[in-house]
Ligand code: SF4
């Protein structure tokens, strides 16, 4: 089974939105010096539930900042290539624009969502946000929904 592809449909995915890694994968990339390449985002299990904050690969122009209202191209996409190809997260090795989505992918999305719902992951997000002067609660005013909400819907609906 292939684990990488650079066909136009796959590049289109990276141009549409960045990968959604698990908290452990983000930890690994922070430790590898990619802290400034992240952005702050969140999801909610229900519209009235407490937000779960997370770090994810920044959309271009949003490094060290808040996720935009609408999503956009991944900051790691340069000249139509993933510049962290060797370090890219598992989700990038499993999801392809040129192949249909599958159940394993859904399970992975669910696992990643769960990975952010821990004290350890939330402490990591808080520490990162503090470093870049971002406030966790302001996000709710800036952006009422995120691409992660779509994953919640897809995985738990
Ligand atoms: S990390 Fe690489 S594979 Fe994932 S969205 Fe960004 S450019 Fe694409």
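Values computed for the structure shown
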quantity	calculated
Qualifying residue in region 118-137 (condition: modelled with pLDDT of 90 or more, under 13 Å from the mean Cα position of the chain (by Cα) and either surrounded by 16 or more Cβ atoms within 10 Å (Cβ to Cβ) or under 16 Å from residue 19 (Cα atoms) (or both))	yes
Odd one out for residue 84, checked against (1) farther than 19 Å from residue 27 by Cβ; (2) free of Cβ contacts under 8 Å to residues at least 60 places away in the same chain	(1)
2 or more residues over 27 Å from residue 133 (Cα atoms): qualifying helices (runs of 4 or more DSSP H) within region 1-116	8-16, 90-94, 103-115
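The values are calculated or read from the model by the stated rules, or taken from the named source; none is laboratory data. Note that this is a predicted model, so its numbers are computed, not measured. Cβ sites come from the backbone with ideal geometry, for glycine too, and all protein chains shown count toward neighbours.
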